[in-house]
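The values are calculated or read from the model by the stated rules, or taken from the named source; none is laboratory data. Not measured: the values here are computed from a predicted model. Counting neighbours? That spans all protein chains shown, and the Cβs are built from the backbone with ideal geometry, glycine included.
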Amino acid sequence: MSTAILYYSYSGKTKALAEAEAEKRSARLFEVKEARRYSPLGSVLCGCPAARMQKIPALLSPVPDVRRYDKVVVMAPIWAGYPAPVFNAIISSLMRGTNVDILLVSASGDSSKSKGKVLEFIEQYGLKVGAYHDIKAP
């Protein structure tokens with residue numbers, strides 16, 4: 001089974017976890033970046049509210065075409081209880097019917113308060129969620 005991992009990392013913690021996940025699954029790794037990176041203060045003042053409102057930011061380059069993969073994993077950090085805005089851009093770019101596993105990274109390892117809204121967001125784009133896991137960042 002071929003697997004693609006699409007991830008966004010602001011601080012590098014999600015990147016390290018995505019690399020470990022790619023090695024464990026023998027997966028192809030794709031980093032997705034926003035067109036305009038938030039400053040540390042901007043990530044709190046603008047990024048966190050954008051995450052809570054499930055905004056879709058512009059990306060530096062298009063999300064890779066992952067149609068040839070059997071499994072797609074999307075990884076992102078949690079900001080203010082929701083996945084970082086780049087997560088929303090990734091989800092909105094995938095082809096309807098794509099099977100995705102969601103791995104969300106946070107200091108607490110708990111995104112349960114937003115899980116329902118995140119799943120609704122994913123489902124509105126016609127994606128099928130196979131697994132949804134929270135990962136506690138080291």
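Worth pointing out:
- Counting only residues that are in contact with a Gly (Cβ under 7 Å, 6 or more places away or on another chain) and among the basic types (Lys, Arg), the stretch 107-127 holds 1 of them.
- Any hit, the stretch 117-137, residues being part of a strand (DSSP E or B) and among the basic types (Lys, Arg): yes
- Among the candidates ASP65, ASP101, residue that is without any contact (Cβ under 8 Å) to a residue 12 or more places away in the chain and under 18 Å from TYR125 (Cα atoms): ASP65
- Answer residue from the stretch 1-47, given it is hydroxyl-bearing (Ser, Thr, Tyr) and assigned to a helix (DSSP H, G or I) and is modelled with the lowest pLDDT among those: SER43
- Which listed residue, of LYS136, LYS71, LYS113, is surrounded by 12 or more Cβ atoms within 10 Å (Cβ to Cβ) and among the basic types (Lys, Arg): LYS71
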